[in-house]
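Here's the structure we're looking at; comments come further down.
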Amino acid sequence: MRVVVTGGAGFLGSHLCDHLIARGDDVVCIDNFSTGTRSNIAHLRGRQGFTLVEHDVSAYVDVAGAVDAVLHFASPASPVDYTRMPIQTLKAGSLGTHNTLGLAKAKDATFLLASTSEVYGDPLVHPQAEQYWGNVNHLGPRGVYDEAKRFAEAMTMAYCRYHGLDTRIVRVFNTYGPRMRPDDGRVVSNFIVAALADEPITIYGDGAQTRSFCFVDDQVRGIVALLESGEHDPVNIGSSEELTVAELAEIVLEVTGSTSPVRCLPLPADDPKRRCPDAARARELLGWSPSVALREGLGRTAEYFRSLAAPGLG
Ligand code: UDP
């Protein structure tokens, strides 16, 4: 296959590029490096079948030659990033989705949208199944991401129904692993970076809010399984092992052997109180379930952050 991956230099996108190249696909990686980094794809530059195009997908997207699949992963995705870049986030989810759907239609390619558990907002239903419509504050600071992705899903379904485009929608739940930016502001990167530096671990609020964390290799395996399925309706991909943020802090301290103190800071606006996927559709339709245990995945992520701090690296 020849696959276009937008946001291919990002955390998730770069692992997706690795997976596709390893199985023999040609990959056209499109990224504007607003949150992606050149180091994430440095090892792919010059590799047979890998092409990098520096471009912002909120402007018209043109790719020469045949394309079999378009995977739209370009967007700031961490709350700190999308709060810092609200307009770019809205544009990546709206104009970027329209442009990449147009590319897929012109090439008669399969389209896969990277959507998010944020479409459920601060959910009133638990765990979250794909049928749940969500509880999103579109006017709040997180609305720029949540609402852009909700629009992106609606646009994708419209191309599927109206143009007969072969589409997929993956709702990505919290995912972590090597190549997260140390300063991306997410809970896993913040906690590990702080633990390794013996700096205070910052818990927002009382730490009773929950998340479930999926290792990036498992996430990529789920996304590729969805791509290969014929499923047009959204599918959640994420771990069902729910834990509080305070519990995560304890596990990070244990895995890193750190003695960092824990400090409580104010909870950001609209921070979801509970989040955990109902992963039944992923299991039944794709035969997917995560395989990397949390402590193992956190250990591998800590190893990555250690390597960034080593002289001559990162
Ligand atoms: N969080 C925290 N300390 C941090 C960063 C995040 O307590 O240093 C909390 C945040 O308020 C949220 C959870 O951890 O409740 C997950 O945050 P993240 O930014 O990773 O992603 P989200 O799931 O909110 O999109």
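The values are calculated or read from the model by the stated rules, or taken from the named source; none is laboratory data. Predicted model, so just to flag it, every value in this text is computed and none were measured. Here the Cβ positions follow ideal geometry from the backbone for every residue, glycine too, while neighbour counts run over all protein chains shown.
Consider F50 carefully, then state whether it is out of contact with any Lys or Arg (no Cβ under 7 Å at 6 or more places or on another chain), on the phi < 0 side of the Ramachandran plot, hydrophobic (A, V, I, L, M, F, W, C) and in contact (Cβ under 8 Å) with a residue 60 or more places away in the chain.
For F50, the condition - out of contact with any Lys or Arg (no Cβ under 7 Å at 6 or more places or on another chain), on the phi < 0 side of the Ramachandran plot, hydrophobic (A, V, I, L, M, F, W, C) and in contact (Cβ under 8 Å) with a residue 60 or more places away in the chain - is not met.
If A114 satisfies every condition in (1) assigned to a helix (DSSP H, G or I); (2) surrounded by 24 or more Cβ atoms within 10 Å (Cβ to Cβ); (3) of a type outside the set (D, E); (4) within 16 Å of the ligand (Cβ to nearest atom) but one, which is the exception?
In the conditions (1) assigned to a helix (DSSP H, G or I); (2) surrounded by 24 or more Cβ atoms within 10 Å (Cβ to Cβ); (3) of a type outside the set (D, E); (4) within 16 Å of the ligand (Cβ to nearest atom), A114 misses (1) alone.
Contact list please: Cβ distance under 6 Å, first residue in the range 129-140 and under 20 Å from T89 (Cα atoms), second residue part of a loop (DSSP other than H, G, I, E, B), pairs at least six apart or on different chains.
N135/D122; N135/P123; N135/L124; N137/D270; G140/A269; G140/D270
What's the number of the only condition in (1) within 20 Å of T210 (Cα to Cα); (2) surrounded by 18 or more Cβ atoms within 10 Å (Cβ to Cβ); (3) not basic (K, R) that L124 fails to meet?
Failed condition: (2).
Starting from residues that are touching a strand residue (DSSP E or B) at 6+ places or on another chain (Cβ under 7 Å) and surrounded by fewer than 21 Cβ atoms within 10 Å (Cβ to Cβ), keep the ones in the range 166-204 and report whichever is nearest to P76 (Cα to Cα).
Restricting to residues being touching a strand residue (DSSP E or B) at 6+ places or on another chain (Cβ under 7 Å) and surrounded by fewer than 21 Cβ atoms within 10 Å (Cβ to Cβ), the top hit is N174.
Quick check: anything in the range 277-289 within 16 Å of the ligand (Cβ to nearest atom), surrounded by 15 or more Cβ atoms within 10 Å (Cβ to Cβ) and touching a residue at least 60 places away in the same chain (Cβ under 8 Å)?
yes
From the set of residues in the range 151-207 that are in a strand (DSSP E or B) and among the hydrophobic types (A, V, I, L, M, F, W, C), which is nearest to the ligand (Cβ to nearest atom)?
That would be I203.
Need at least 1 residues that are crowded, with 19+ Cβ neighbours inside 10 Å and of a type in the set (S, T, Y) per element, so show me which strands (runs of 3 or more DSSP E) inside the range 1-79 make the cut, counting only ones lying wholly within it.
Result: 2-6.
Looking at the range 64-108, which of the residues that are among the basic types (K, R) and touching an Asp or Glu at 6+ places or on another chain (Cβ under 9 Å) is farthest from the ligand (Cβ to nearest atom)?
It comes out as K107.
Working only within the range 208-234, note down all residues that are part of a strand (DSSP E or B), under 14 Å from the mean Cα position of the chain (by Cα) and either among the charged types (D, E, K, R) or surrounded by 22 or more Cβ atoms within 10 Å (Cβ to Cβ) (or both).
C214, F215
Pairs under 9 Å by beta carbon, first residue farther than 15 Å from V172 by Cβ in the range 224-238, partner among the hydrophobic types (A, V, I, L, M, F, W, C) and surrounded by 20 or more Cβ atoms within 10 Å (Cβ to Cβ), six or more apart or different chains?
E228/L286; S229/V235; S229/L286; E231/I169; E231/L286; H232/I169; D233/I169
Can you name every residue in the range 237-263 that is surrounded by fewer than 18 Cβ atoms within 10 Å (Cβ to Cβ) and either part of a loop (DSSP other than H, G, I, E, B) or modelled with pLDDT under 95 (or both)?
E241, G257, T259, P261, listed by residue number.
Going by what's in this entry, would P266 be described as in contact (Cβ under 8 Å) with a residue 12 or more places away in the chain, surrounded by fewer than 14 Cβ atoms within 10 Å (Cβ to Cβ), of a type outside the set (K, R) and on the phi < 0 side of the Ramachandran plot?
yes
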